[in-house]
Amino acid sequence: MQRPNVGIGIIIQNAKGEILVGKRKGSHSPFYSIPGGHLEMGETFEEGIKKEVLEETGLIIENPVVIGVTNNLRTFESTGIHHVSVNLFTNKFEGIPKEMEPEKCEKWIWVDPKHLPQPHFDASEFAVECFLKKQFYIKSQT
């Protein structure tokens, strides 16, 4: 029996209240998305997201906190790949975002979370919605 994959994503907020999103390439092209990836066997959510953020952006994050869970059915309907994502938040980080994996991400930009660039990856969009509404779970729209 097939089961969903576990994704992890993080909302990184700067002092201006903006959040970090990347313009994706490859399998997630042409979507914008918060930093993230897949949870590896034996990792905590916090360990996994710290690793992903460093690999993707070069940022060192501190004190990531779980803020929500999303069931990414829009992507499932379009690709047949089902992910459940655990979403975290931090506003404590060191460094300036860089394209550490240029084959996967074209650029990193700071944006107003109320005005996300489009097209936007559903897991990321739902994570930001959870963050803005201060809700742990929002029923996914397909």
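Which is without any contact (Cβ under 8 Å) to a residue 60 or more places away in the chain and in contact with a Gly (Cβ under 7 Å, 6 or more places away or on another chain), of GLY95, GLY80?
GLY95
Can you work out which of the residues in the range 103-117 that are in a loop (DSSP other than H, G, I, E, B) and touching a residue at least 24 places away in the same chain (Cβ under 8 Å) is surrounded by the most Cβ atoms within 10 Å (Cβ to Cβ)? Steps first, answer last, please.
We begin by selecting, within the range 103-117, every residue in a loop (DSSP other than H, G, I, E, B); these are 103-104, 112-117.
Cutting the leftovers down to touching a residue at least 24 places away in the same chain (Cβ under 8 Å) gives us 103-104, 112-113, 116-117.
Details: GLU103: 8, LYS104: 17, ASP112: 11, PRO113: 17, LEU116: 19, PRO117: 13.
Only one residue fits best here, namely LEU116.
Being hydrophobic (A, V, I, L, M, F, W, C), buried (at least 16 other Cβ atoms within 10 Å of the Cβ), outside any strand (DSSP E or B) and in contact (Cβ under 8 Å) with a residue 60 or more places away in the chain narrows it down to one of PHE126, PHE131, so name that one. Give the steps one after another, and end with the answer.
Numbers: PHE126 fails: in contact (Cβ under 8 Å) with a residue 60 or more places away in the chain.
Of the residues listed, the single one that is hydrophobic (A, V, I, L, M, F, W, C), buried (at least 16 other Cβ atoms within 10 Å of the Cβ), outside any strand (DSSP E or B) and in contact (Cβ under 8 Å) with a residue 60 or more places away in the chain is PHE131.
So, in the range 49-79, of the ones that are part of a loop (DSSP other than H, G, I, E, B) and in contact with a Lys or Arg (Cβ under 6 Å, 6 or more places away or on another chain), which residue ends up surrounded by the fewest Cβ atoms within 10 Å (Cβ to Cβ)?
ASN63
State all residues of the range 32-48 that are surrounded by 15 or more Cβ atoms within 10 Å (Cβ to Cβ) and part of a strand (DSSP E or B); if no residue qualifies, say none.
TYR32, SER33, GLY36, GLY37, listed by residue number.
Any read-out appearing in this document is the output of simple, stated calculations on the displayed coordinates, not a laboratory observation. Just so we're clear, the structure is a prediction, and the values are computed from it rather than from any experiment. So basically every Cβ, Gly included, is an ideal-geometry build from the backbone, and we count neighbours across all protein chains shown.
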